[in-house]
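**Q** Okay, handing you the structure first.
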Amino acid sequence: MKLFTVDNNGKLIHYKEHSFGLDNKESDLEMILENNPENFFDDGKILIIGRQVLTNLGSWIDLLGLDRFGNTVVIELKRGKSPRETVSQLIEYASFVDNLDYEQLNGIFHDYIGEESSLDIYHHEHFDSKDIENVAFNKASKLVIVAQDITLSIKQTALYLRKKGIDIYCMEFKYFLNYASEKMITIDFVVGDDTFIRSEIKSISQLPKVDEKKFIDALDNNGKSLFDLLLGFAKTNGLFFRWGSKGFSLNLPISDGFVGLLFGYPPDSVFKQSLYTGFEEIRKKVNNSDLIISYFRNELEKSGNFISAKSNLKWIIDRPVDKSDVDNLFSTLQLVIKKIQENELSE
């Protein structure tokens, strides 16, 4: 394949095909796909939930994702030619993933993204799904091989497995450089383009976390005014922030750790600029949680700012924040804190 760009004078600038492996590590390919999954998969987004996920057999899954229906997507990457054992590796990984329940997937997601946000809620926001209640996680798996050169034996084996009902895909990429060392990648399905539609689990890779400064810099004026007040409230009431890849959790220390009360996100998050409640955190860690959550929910719903977000509530910060609304939120939080502290922790 010959590949050119055209400069302002109408001159063709040649990109020559190169071996990706000569200039790059396999982790570089992981990072490219991790950051641009929507450009690799033709039928929509893939939500990456884990990178270098450890299986029960001591092997590592390059990337683990979910499609919009909640099906798992197991991705094996090869920066050069796909060796013969690639398919067996992928099936081994799939046999592990097939047994994961929602809580285990949620744990992988938490390790990866570094936030306490529930996977089902994040999935809902990522895909902007209107039928989140109908999403059944990990009812099926898609297996994907990505390599610069998919060998004939791999293609033939993958086509055979597809005929037998295994949802497997092969994706081939080409890597180009021009005289200025500018890079270009092309991507094509070579198998599957017609339809692409309980153990401890660890991940050695995690998205980089933000800090207070990075988070504030990402906010607009509406968000900054609310966060400044929330920061003061946290200091006054003995709360602390935990930072994730995009946002934060606002946490109350308890005798057995901490419990998340609110989660905050910037405008470029899938959650948009918002505050989310931490009802699941309260339910998992605090006795008499139903009474506390009921009070918390009722008070926030009465404010008119919070709307339903599946099992939680969210406040989208898309307009100037009224000081009285913030004061009401803080009054509610103070009573929730008091109620939590009055209850013993669940075992």
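The values are calculated or read from the model by the stated rules, or taken from the named source; none is laboratory data. Please read all numbers here as calculations on a predicted model, not as lab measurements. All Cβ positions, glycine included, derive from the backbone under ideal geometry; neighbour counts span all protein chains shown.
**Q** Could you tell me whether region 137-158 includes any residue that is under 30 Å from Gln273 (Cα atoms), of a type outside the set (Val, Ile, Thr) and assigned by TED's automatic domain parsing to the domain that holds Trp60? Spell out how you get there, then give the answer.
**A** Here is the first cut: in region 137-158, the residues under 30 Å from Gln273 (Cα atoms) are 137-138.
Next cut, of a type outside the set (Val, Ile, Thr) only: 137-138.
Right, trim to assigned by TED's automatic domain parsing to the domain that holds Trp60 and you get 137-138.
Yes - at least one qualifying residue is present in region 137-158.
**Q** Find the residue count for region 229-264, including only residues that are at positive phi and under 17 Å from the mean Cα position of the chain (by Cα).
**A** Final tally of qualifying residues: 0.
**Q** Is at least one residue of region 293-302 in contact with a strand residue (DSSP E or B) (Cβ under 8 Å, 6 or more places away or on another chain), crowded, with 19+ Cβ neighbours inside 10 Å and in a helix (DSSP H, G or I)? Don't jump to the end; show me each part of the working.
**A** Initially, region 293-302 is screened for residues in contact with a strand residue (DSSP E or B) (Cβ under 8 Å, 6 or more places away or on another chain), giving 296-297, 300-301.
Restricting the remaining residues to those that are crowded, with 19+ Cβ neighbours inside 10 Å gives 296, 300.
With in a helix (DSSP H, G or I) added as a condition, the list becomes 296, 300.
Taking every residue of region 293-302 in turn, at least one turns out to be in contact with a strand residue (DSSP E or B) (Cβ under 8 Å, 6 or more places away or on another chain), crowded, with 19+ Cβ neighbours inside 10 Å and in a helix (DSSP H, G or I).
**Q** Only one of Lys214, Lys235, Lys246 is of a type outside the set (Val, Ile, Thr) and in contact with a Ser or Thr (Cβ under 7 Å, 6 or more places away or on another chain); which? Before you say what the answer is, go through the steps one by one.
**A** Working: Lys214 fails: in contact with a Ser or Thr (Cβ under 7 Å, 6 or more places away or on another chain); Lys235 fails: in contact with a Ser or Thr (Cβ under 7 Å, 6 or more places away or on another chain).
Exactly one residue qualifies, and that residue is Lys246.
Residue-wise test of (1) of a type in the set (A, V, I, L, M, F, W, C); (2) under 20 Å from Met171 (Cα atoms).
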site: Asn39; (1), (2): no, yes
site: Ile46; (1), (2): yes, yes
site: Leu54; (1), (2): yes, no
site: Leu57; (1), (2): yes, no
site: Asp67; (1), (2): no, yes
site: Asp98; (1), (2): no, no
site: Glu103; (1), (2): no, no
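**Q** All but one of (1) outside any strand (DSSP E or B); (2) surrounded by 16 or more Cβ atoms within 10 Å (Cβ to Cβ) hold for Val259; which doesn't?
**A** Every listed condition holds for Val259 apart from (1).
**Q** Give the residues of region 303-330 that are within 18 Å of Ser225 (Cα to Cα) and not in a loop (DSSP other than H, G, I, E, B), sorted by residue number. Walk me through it before giving the result.
**A** Just the residues of region 303-330 that are within 18 Å of Ser225 (Cα to Cα), to begin with: 305-306, 314-330.
Within region 303-330, Lys314, Trp315, Ile316, Lys323, Ser324, Asp325, Val326, Asp327, Asn328, Leu329, Phe330 meet the criteria.
**Q** Is it the case that some residue within region 131-151 is under 22 Å from Phe40 (Cβ atoms) and in a helix (DSSP H, G or I)?
**A** no
**Q** Within region 83-95, identify whether any single residue is in contact with a Ser or Thr (Cβ under 8 Å, 6 or more places away or on another chain), under 26 Å from Arg162 (Cα atoms), of a type in the set (Gly, Ala, Ser) and not in a loop (DSSP other than H, G, I, E, B), and answer yes or no.
**A** Looking through region 83-95, at least one residue is in contact with a Ser or Thr (Cβ under 8 Å, 6 or more places away or on another chain), under 26 Å from Arg162 (Cα atoms), of a type in the set (Gly, Ala, Ser) and not in a loop (DSSP other than H, G, I, E, B).
**Q** Which condition number does Glu281 fail, the rest of (1) in contact with a Gly (Cβ under 9 Å, 6 or more places away or on another chain); (2) modelled with pLDDT of 90 or more; (3) surrounded by 14 or more Cβ atoms within 10 Å (Cβ to Cβ) being met?
**A** For Glu281, the failing item is (2).
**Q** Still on this structure, please answer the following. Return the residues of region 108-154 that are surrounded by 16 or more Cβ atoms within 10 Å (Cβ to Cβ), of a type in the set (D, E, K, R) and modelled with pLDDT of 90 or more; say none if nothing qualifies.
**A** Asp111, Lys142
**Q** Leu57 - would you say it is exposed (fewer than 15 other Cβ atoms within 10 Å of the Cβ) and at pLDDT below 95? Lay out the reasoning, then the answer.
**A** Numbers: exposed (fewer than 15 other Cβ atoms within 10 Å of the Cβ): yes; at pLDDT below 95: yes.
Yes, satisfied.
**Q** Can we say Phe271 is of a type outside the set (S, T, N, Q), surrounded by 15 or more Cβ atoms within 10 Å (Cβ to Cβ) and part of a loop (DSSP other than H, G, I, E, B)?
**A** Details: of a type outside the set (S, T, N, Q): yes; surrounded by 15 or more Cβ atoms within 10 Å (Cβ to Cβ): yes; part of a loop (DSSP other than H, G, I, E, B): yes.
Judged against the criteria, Phe271 is a match.
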